[in-house]
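K.L.:
First the structure, then my questions, so here it is.
The values are calculated or read from the model by the stated rules, or taken from the named source; none is laboratory data. Keep in mind that what you see is a predicted model, and the values were worked out from it rather than measured. For neighbour counting, all protein chains shown are included, and Cβ atoms are generated from backbone atoms with ideal geometry for every residue, glycine included.
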Amino acid sequence: MRFTGKIFKDGKFWLVEIPILDLMTQGRTKKEAYEMVADMLESMVNKDGFKIEVFKGEKDSFEVGASDPKRNMILVLLGLFFPFHFQLYLLVNTLDRCLYLRQLSTCSNPNHL
C-alpha cells in the first residue's frame, strides 16, 4: 500500500504533503524534503525496523510506502485511523505484538499456524 503525495516549491523551501493523511513538512532541497516526509512517518509509527521508502513520480508527485511489505499494515492503519492518534497508537502496538507472538508460536511449533 502506498500513499500519494505532492511536492512543490514555496519561496526558499520545498513543501511535501500527503493529503489523505493531512500531513505536510518541508526541506531546503527536494532531497531533504523527501527525507523529512519519510522521517515524519517513521517517527509517527515509532517502531524499530519500520522504514519508509519514497518513490518519486513525475513532476510534482511521489508515493510513500513501507520498505517491508509485512509492515504495510501499519501504514494502512495510519491512513484509516489518523485522526484518532491514541487509538492508532494502541492499534499499531497491538498489531505488532500479535505479529511477534505469532512468530514465536510458529518457531516453537512449526506445525501450528
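K.L.:
Taking region 1-24 only, how many residues are of a type in the set (S, T, N, Q) and free of Cβ contacts under 8 Å to residues at least 12 places away in the same chain?
P.N.:
Quick first cut of region 1-24, residues of a type in the set (S, T, N, Q) only: 4.
Subset that is free of Cβ contacts under 8 Å to residues at least 12 places away in the same chain: none.
Total satisfying the criteria: 0.
K.L.:
Ok, one more. How many residues does region 1-15 contain that are farther than 14 Å from Ile52 by Cβ and assigned to a loop (DSSP other than H, G, I, E, B)?
P.N.:
Residues meeting the conditions: 2.
K.L.:
Among the residues in region 63-72, are any modelled with pLDDT under 80, surrounded by 13 or more Cβ atoms within 10 Å (Cβ to Cβ) and basic (Lys, Arg)?
P.N.:
Checking region 63-72: at least one residue is modelled with pLDDT under 80, surrounded by 13 or more Cβ atoms within 10 Å (Cβ to Cβ) and basic (Lys, Arg).
K.L.:
How many of the residues making up region 24-57 are modelled with pLDDT of 85 or more and either over 22 Å from Asp68 (Cα atoms) or assigned to a helix (DSSP H, G or I) (or both)? It would help to see each step written out before you state the result.
P.N.:
First, the residues of region 24-57 that are modelled with pLDDT of 85 or more: 24-42, 51-57.
Imposing the further condition that a residue be either over 22 Å from Asp68 (Cα atoms) or assigned to a helix (DSSP H, G or I) (or both) reduces the set to 24-42.
Result for region 24-57: 19.
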